[in-house]
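These notes concern the structure reproduced below.
All of the numbers you see were taken from the coordinates with simple rules; none came from a lab. Owing to the predicted nature of the structure, the values given are computational and were not obtained by experimental measurement. So basically every Cβ, Gly included, is an ideal-geometry build from the backbone, and we count neighbours across all protein chains shown.
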Amino acid sequence: MASKLILLDQDGVLADFEQGVRQLWQQTYQQPLPLAERRHFYLRDDMALQFHHQLDELYSSKGFFASLPPMLDGIAAAKRLLEAGHDVRICTSPIQAYHYCVSEKFDWIGRHLGEEWLQRIILTKDKTWVRGDILIDDKPQISGSLIPQWQHWIYDQPYNRDQTKLKRVNWSLPETWSELLQ
């Protein structure tokens, strides 16, 4: 297979955003996250309005992004894609309250993937501006001001399973992305 420019989203693909929220919520409020089922990409859309402020405080708190646990098998998969000869980049978007988010995303990548991956970070609010062959992202629909030049492969999450036309990836199921290793 010819070398490809593969863009990997960070949160929900390499870093387990939801698990990080659940852990910090439990630690902060001494109770489980009040969430029954994930049906929407934005976590707040699945939570009662009364909890939105607390959720926003968690996202924007110092240490939140730096402490996200890695997705199961995600770090190894990113490294395998690079070893297979692909140009692999982390294409990630900061939250609106970016004060800690941006630097902590860099810290997370350096700690989990290695310092050499810091040069592979693309930080953007509009991923349609980024060139690439494949974007692996958990967001069901990615829009922006341009027509994307990449093919969207969706990283499997409960809130995006209604997307049946996109190639579905799960790091723990190598058969879902093994074509990139050939």
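Listed values, structure above:
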quantity	calculated
Label-to-label distance, nm, for residues given as Leu123 and Arg161 (7 Å Cα→Cβ offset)	3.5 nm
The chain: most fluctuating residue of Ile95, Ile109, Ile75 per GNM, C-alpha cutoff 10 Å	Ile95
Net charge of Cβ neighbours under 11 Å - reference Phe51; Lys, Arg +1; Asp, Glu -1	-2
Residues with amide H under 5 Å from that of Leu7, placed H, sequence gap 5 or more	Arg89, Asp133, Ile134, Leu135, Ile136
Most mobile of Tyr155, Tyr59, Tyr42 in a GNM of the chain (Cα contacts under 10 Å)	Tyr42
Leading residue at positive end of dipole, the chain (Cβ point charges), from Trp150, Ala36, Ile121	Trp150
DSSP beta bridge pairing in the chain, given as percent antiparallel to the nearest 5	5 percent
Whole-angstrom gap from the range 76-122 to the range 6-34, using each part's C-alpha centre	17 Å
Centroid-to-centroid separation of the range 127-182 and the range 41-69 [C-alpha atoms, Å]	24 Å
Max mean-square fluctuation residue, GNM over the chain, Cα-Cα springs under 10 Å, options Phe41, Phe51, Phe106	Phe51
Positive-end residue of Val21, Phe65, Gln10, charge dipole of the chain with Cβ unit charges	Gln10
Computed [θ] at 222 nm, helices only, for the chain once each DSSP H run of length n ≥ 4 contributes -39500 (n - 2.57)	-7500 deg cm²/dmol
Sparsely packed trypsin sites (Lys or Arg not before Pro) within the range 79-182, loop by DSSP, other Cβ within 10 Å at most 13	Lys125, Arg131, Arg161, Lys165
Within the chain: Cβ-based charge dipole about Cα centre, in debye rounded to nearest 20 (Lys, Arg +1; Asp, Glu -1)	240 debye
From the coordinates shown, semi-axes √(5λ) of the Cα gyration tensor in Å corresponds to which of (i) 43, 19, 14; (ii) 29, 18, 15; (iii) 27, 18, 16	(iii)
